[in-house]
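Read through the structure below, which is laid out as structure tokens, and then see the notes.
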Amino acid sequence: MYQALTLSAGVPVQFYESADFFRLLASPTVDVSIYFYRNGAEVGSVLNVGAGYAEQFDNGFDRLVIASEGGGAVAYVTKTGGDVRYDTPPNGNVTVTNTSGAVVDTDVTVTSASAQLVAAKAGRRYLLIQNKDAAGVVYISFGKAAIVGKGIKIPAGGSYSADANYCPNDQIFAIGSIASNANVVVVEG
């Protein structure tokens, strides 16, 4: 089913229809929120999307609620059954950050005494600590001395990673279960 309508700012509109596919074809901004229901229970939702957003539901939906904080003209299509293809790429406002950030990898030695592994860094977007040792375990702690058996455990052959979704910017300390482990790599960006 194809539907074109004008939304009032902040006023949700609901439609009762059974389908298993939804695509937002047009929206004035990227602030459209959609809630999908089946048998009175919410089965999915998406906030602040724009034209091009699509979703396929395994068990379908029988009601949808659509709203826009800014209001404006929207158009969408729903469908039941079969594969759906759409060759127009999604559009809208896209923000790309840290496009040229430097990534640095450093070989470090972790000993059986707590020491700074990584300095504090505001704006850190990526962190990987890899323990390549065959036997030694590494423990890390954020903003305070590391203690064997406490904090985050990086087993022999294991790693810890954090990305832009949540990357700590604190100073990171490490301590090892063996006297000297020269097989630790830190990658930071």
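Only the coordinates and a few stated rules stand behind these numbers; no lab work does. In this text the structure is predicted, and so the values were computed from the model without any measurement. All Cβ positions, glycine included, derive from the backbone under ideal geometry; neighbour counts span all protein chains shown.
What ranking do ILE140, ILE129 get, fewest neighbouring Cβ atoms within 10 angstrom at the top?
Numbers: ILE140 21, ILE129 24.
The most exposed by this proxy come first: ILE140, ILE129.
Normalised by the number of residues in the stretch 23-73, the average gap of Cα pairs under 8 Å and 6 or more apart makes the relative contact order 48 percent.
If the segment from VAL187 to VAL11 were pulled out straight at 0.36 nm per residue, it would be longer than the present Cα-Cα gap by 58.6 nm. Going from the fewest other Cβ atoms within 10 Å to the most, the residues VAL110, VAL65 appear in the order VAL65, VAL110.
For Cα Rg over 2.2 N^0.38 Å, the candidate list reads (1) 1.53; (2) 0.93; (3) 2.05; the entry that matches the value derived from this model is (1). Highest mean packing comes first when the peptides 10-17, 167-174, 119-126 are listed by Cβ atoms within 10 Å, giving 167-174, 119-126, 10-17.
Stretching the chain fully between LYS79 and VAL65 yields a gain of 3.4 nm (0.36 nm per residue, less the alpha carbon separation).
Please compute the length gained on full extension between ALA134 and SER112, using 0.36 nm multiplied by the number of residues separating them and subtracting their Cα-Cα distance. Before the final figure, lay out each step's value.
Values: separation 22, 0.36 × 22 = 7.92 nm, distance 1.61 nm.
Full extension of this stretch gives 6.3 nm more.
Working from label points 7 Å from Cα in the Cα-to-Cβ sense, the ALA122 to SER45 distance is 3.5 nm. For the stretch 32-45, putting each phi into the Karplus relation 6.51 cos²θ - 1.76 cosθ + 1.60 with θ = phi - 60° gives couplings of 8, 10, 10, 10, 10, 10, 9, 6, x, 9, 5, 10, x, 7 Hz, in residue order, rounded to whole numbers and with x for Gly and Pro. Ordered by the number of other Cβ atoms lying within 10 Å of each residue's own Cβ, fewest first, GLU69, GLU188 fall into the sequence GLU69, GLU188.
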